[in-house]
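A short reminder: the numbers here are calculations on the coordinates, not readings from a lab. Given the structure is predicted, the values throughout are model-derived calculations rather than measurements. Quick reminder, even Gly has a Cβ in these numbers, built from the backbone with ideal geometry, and neighbours come from all protein chains shown.
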Amino acid sequence: MLSKLFSTANTTLTNSINDIRDKEFSGEKLSSEEKFALSNFDKYRIKVLNSQPNDEAFHEAYRKIQVIANLGDWHDFLNEELSK
């Protein structure tokens, strides 16, 4: 799943999950889609991290998820399949 998100080519500037979190923390109102994407991302993050077999795999997955949260398009997390 992580490799699928890393392989997505995107040439436009987009907001990331962390951009949406910053927006929320600054008191701006989020759209229902943004809230849904944040919720899906959190479910996805927990699922991926809990499925790691050892500490080394956990830390590698954690670093990849940090990159996704910082650089990935938040629209990718509107897909419910990522949180299942």
Q. Counting Lys +1, Arg +1, Asp -1, Glu -1, what net charge surrounds N18 among other residues with beta carbon under 13 Å of its beta carbon?
A. -3
**Q.** Cross-link pairs beyond the 22 Å C-alpha cut-off, checked among K23/K84; K35/K84; K43/K64
**A.** K23/K84
